[in-house]
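Undergrad: Have a look at this one.
What follows draws every value from the coordinates through simple rules; no lab data is involved. Remember, predicted model here, so these are calculated numbers, not experimental data. Ideal geometry is used to build each Cβ from the backbone, glycine not excepted, and the neighbour counts take in all protein chains shown.
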Amino acid sequence: MHHAVLDHWSRGRGVLHARDGQVKILLLIALLIAVATTPRLTAANVAGYAITVLAAAALARLPLPAVLLRAAVVLPFSATFAAVSLLAGDSQRAAALVLKSYLSAAAVLVLVGCTPLARLLRALEGLRVPRFLLLVVQFLYRYLFLISEQAQHMRLAALSRGGWRFRLAAGAVANLFVRSYARAEGVHRAMLARGFQGETVLLAAPRADWRDWLFLLCGLVLVTALRFGGEAPWTR
Amino acid sequence: MDPLIDVRDLRFSYEDGTLALDGVDFLLHAGETVALLGPNGSGKTTFVLHLNGLLSGEGRLSVCGLEVEKRNLPAVRRKVGLVFQDAEEQLFMPSVLEDVCYGPLNLGLAPAEALAAAEKALRQVGVDYARDKAPYHLSAGEKRRVALAGVLAMQPEILVLDEPTTNLDPPGRLALVEVLRALPQAKLLVTHDLWFARALARRAVFFEHGRIVRDGALEEVLAQFHWDLSSAPTR
């Protein structure tokens, strides 16, 4: 069984792992809004946000190089738009696009890296995200690895019999779809056998305590300072 | 004493017309453990899927005195705990504890009671150390036992296990046998694993072409159908 790296990280024992999921999500949202709405990114802004994200990663005891590398997955997307801005002659906007998207991706990675999926889903539910959507995510996450493993096995089987060509790959996709469909039926049957009647009942999520609220308060103060620090009246 | 399971002339065809059950009669009494033997495709799994109403064919079928029909399904599913052949399909919640709580919560237990039932079931099968793990981090043997715990937490009167030793190494099989021996429920074991069947069952039924063609002592059934390969020629 292949272990997803994020899954491995999320089961660590950093300071951030212990904090309540809802509080972490709220802080992430606050940080994302702050980053997105910062009008002109100065070097000080970027440094402030970057240090915050890196410090959070360190508090979560995540391997920094790996976080920085993985956050780069957004770059192909944002770089495309940045290139358009650059061609239009707006180099500052291009830089801001790349930097903002990269910082946001790193922040999201830190959250996902310090919160196991089960707790993340429960926290999202607490924040009124529709349960149906969360169930879809939950099943996707649960069975994604199985399906990709099945695909690997099929590739190996094809290779061992002489080759892996495009036509074969197309057939394999169809085959995987059928198998996934059959598995979905199996899962549904297993749910029915244990009394599923259309509604998923869950255990109550653990509640945030005073440390979580303190953490939220400090975090919000920090994010506000980062966002408005350069514009505060006393610096004008 | 009334039988726990009473099946009379059960018939079932799949949508494509394949006749899967062709008049099955079967009785199970409290405390019994019965091995369901027979070739692949002979109707064993189709039969056990009827026992808690996942499939419904023609004929009479009652569980603990309840007719297996739509209005009784929640009660029947509480009585019959079905452990599927593929544990991956049975463990669909993000953590072991949440998965084992799934059944009790569906039964309408309060969260605290469901939690207590789940913890007890995990202790019974000896995997309480894994309660916070994700299912995909478990070994095949652990998955099987967690799947069993998920069913035990619903406090069934009958346990039905479909090919429970698939993918288990010998220590895993032994551990499963020990767990099952300690459980008081009546058990139905669909299996090709004769070592496993001998460790738990005295009675066996033999399926062929959708019918039970023999119901009797395990060793006699094995002998009649030449089903035992332990005396096969060795090199």
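Undergrad: Could you name the aspartates and glutamates whose alpha carbon sits less than 15 Å from that of B:Lys133, not counting residues in the same chain fewer than 8 places away?
TA: Straight-distance partners of B:Lys133: A:Asp7, B:Glu88, B:Glu98, B:Asp99, B:Glu119, B:Glu142.
Undergrad: Hey, with R₀ at 51 Å, roughly what FRET efficiency would A:Ala18 and B:Leu66 work out to, going by the Cβ-Cβ distance, to 0.05?
TA: The calculated FRET efficiency here is 0.60.
Undergrad: Other chains near B:49-55: what is the mean number of their Cβ atoms within 10 Å of each residue's Cβ?
TA: Going residue by residue through B:49-55 and averaging, the value is 2.
Undergrad: At 7 Å along the Cα-to-beta-carbon direction for both B:Asp25 and A:Leu26, put a label point, then send me their distance in nm to one decimal.
TA: About 6.8 nm separates the two model spin labels.
Undergrad: Whole-Hz ³J(HN,Hα) for each residue in the stretch A:78-89, computed from phi via Karplus 6.51 cos²θ - 1.76 cosθ + 1.60 with θ = phi - 60°, x for glycine and proline: what do you get?
TA: Using θ = phi - 60°, the values come out as 5, 5, 4, 5, 4, 4, 4, 4, 4, 5, 7, x Hz.
Undergrad: Could you pull out every residue, at least 5 positions away or on a different chain, whose amide H is within less than 5 Å of the one on B:Arg211? Hs are placed 1.01 Å off N in the peptide plane, and Pro or chain starts have none.
TA: B:Asp22
Undergrad: Further question: Any of B:Lys120/B:Lys143; B:Lys120/B:Lys187; B:Lys44/B:Lys120 with alpha carbons more than 28 Å apart? Name them for me.
TA: Check vs 28 Å cut-off fails for B:Lys44/B:Lys120.
Undergrad: Let me confirm one metric for peptide B:103-111, namely the mean number of other chain beta-carbon atoms within 10 Å of its residues' beta-carbons.
TA: Neighbouring Cβ atoms belonging to other protein chains average 4 per residue here.
Undergrad: Under 18 Å from the 7 Å Cα→Cβ point of A:Phe145, by amide nitrogen: which residues of the stretch B:94-121?
TA: Within reach of a label on A:Phe145, which here means backbone N under 18 Å from a point 7 Å along Cα→Cβ, the stretch B:94-121 contributes B:94-100.
Undergrad: As an exercise, use a Förster radius of 60 Å and the Cβ-Cβ distance of A:Thr42 and B:Thr18 to find the FRET efficiency, rounded to the nearest 0.05.
TA: 0.25
Undergrad: Turning to a different aspect of this structure: Which value, in debye to the nearest 20, describes the size of the charge dipole of the protein assembly as shown about its Cα centre when Lys and Arg Cβ atoms bear +1, Asp and Glu Cβ atoms bear -1, and nothing else is charged?
TA: So the dipole magnitude of the protein assembly as shown works out to roughly 1760 debye.
Undergrad: Efficiency by 1/(1 + (r/R0)^6): what FRET value for B:Leu183 and A:Arg11, r their Cβ-Cβ distance, R0 = 22 Å, to the nearest 0.05?
TA: After rounding, the FRET efficiency stands at 0.10.
Undergrad: Something else now. For the stretch B:11-56 and the stretch A:114-132, what is the separation of their C-alpha centers, rounded to whole Å?
TA: Centre-to-centre distance over Cα atoms comes out at 40 Å.
Undergrad: Same structure again: Using a 10 Å cut-off on Cβ to Cβ distances, tally the other chain neighbours for every residue of B:85-91 and report the average as a whole number.
TA: 5
Undergrad: Still on this structure, please answer the following. Along the stretch A:144-151, what does the Karplus equation 6.51 cos²θ - 1.76 cosθ + 1.60 (θ = phi - 60°) give for ³J(HN,Hα), rounded to whole Hz, x for Gly and Pro?
TA: 4, 5, 4, 5, 5, 5, 4, 4
Undergrad: Report the label-to-label distance for A:Ile51 and A:Arg167 in nanometres (one decimal), using points 7 Å from each Cα along the Cα→Cβ vector.
TA: 6.2
Undergrad: Which residue, A:Val136, A:Val173, A:Val110, has the most motion in a Gaussian network model of chain A that connects Cα atoms within less than 10 Å?
TA: Greatest mean-square fluctuation among the candidates belongs to A:Val173.
Undergrad: Quickly rank A:147-156, A:191-200 as a protection proxy: mean count of other C-beta atoms within 10 Å, highest first.
TA: By packing density, highest mean first, the sequence is A:191-200, A:147-156.
Undergrad: In whole Å, how far is the Cα centre of the stretch B:124-188 from that of the stretch B:60-123?
TA: If you average the Cα positions of each part, the centres end up 14 Å apart.
Undergrad: Further question on the same structure: Would you list which lysines come within 21 Å of A:Lys24, measuring only between C-alpha atoms, while excluding same-chain residues fewer than 8 positions from it?
TA: A:Lys100
Undergrad: Another question about this same structure. Run the quick spin-label model on A:Gln92 and A:Ser160: label points 7 Å from Cα toward the beta carbon, then report their separation in nm to one decimal.
TA: 6.2
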